[in-house]
1. On a 0 to 90 degree scale, rounded to 10, what angle separates helix 75-88 from the longest Cα axis of the chain?
2. If the cut-off is 16 Å between C-alpha atoms, which lysines fall inside it for residue 73, apart from same-chain ones fewer than 8 positions away?
3. For the chain, with every protein chain kept in place, what is the accessible area per residue (1.4 Å probe, Å²)?
4. If I take R0 = 22 Å and measure r between the Cβ atoms of residue 53 and residue 27 in this structure, what FRET efficiency does the formula 1/(1 + (r/R0)^6) give, to the nearest 0.05?
5. Taking the Cα centre as origin and putting +1 on Lys and Arg beta-carbons and -1 on Asp and Glu beta-carbons, what dipole magnitude results for segment 1-50, to the nearest 20 debye?
6. Considering just Cα atoms, how many Å³ per residue does the convex hull of the chain enclose?
7. Could you tell me what percent of the accessible area of the chain is made up of carbon and sulfur, with a 1.4 Å probe and every protein chain present?
8. With label points built 7 Å along Cα→Cβ from the Cα atoms of residue 7 and residue 84, find their separation and express it in nm.
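The values are calculated or read from the model by the stated rules, or taken from the named source; none is laboratory data. Predicted, not measured: the structure shown is a model, and the values here were computed from it. Backbone-built Cβ (ideal geometry, glycine too); neighbour counts: all protein chains shown. Ligands, DNA and RNA are excluded from the accessible area calculation, which covers all protein heavy atoms including side chains. Shrake-Rupley method; radii C 1.70, N 1.55, O 1.52, S 1.80 Å.
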Amino acid sequence: MYKNGTRLAEPDVVLIYTPARSVRVGFSVSNKVGKAVVRNKVKRRLRASVQNLIPTMRGCQAIVVANPTAAGKPYSVLDGELRNLLRRAELIG
């Protein structure tokens, strides 16, 4: 995925994706984001956002990568950035 996938970025979130038959999404939040509590909080917010969008997504395999700046952002900002990335990738309408 990291070598062959298409990469799109927003200030707090990066989307790496390839077309596929079904929707599969993984999450990557590194130690640079913060300690375990902060990383898990960011992952929970990203997962919740993706779960709301999965019924409308086209088939793809994707990795959602959180940048260190994502730690201090509320859910609404992360959700908005993820939606923008998916629209730019034409994975949602």
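1. Between helix and principal axis, roughly 30 degrees.
2. Cα-Cα hits under 16 Å: 32, 35, 41, 43.
3. 59
4. 0.95
5. Here the size comes out at about 260 debye.
6. 83
7. 50
8. My value for the distance between the label points is 1.9 nm.
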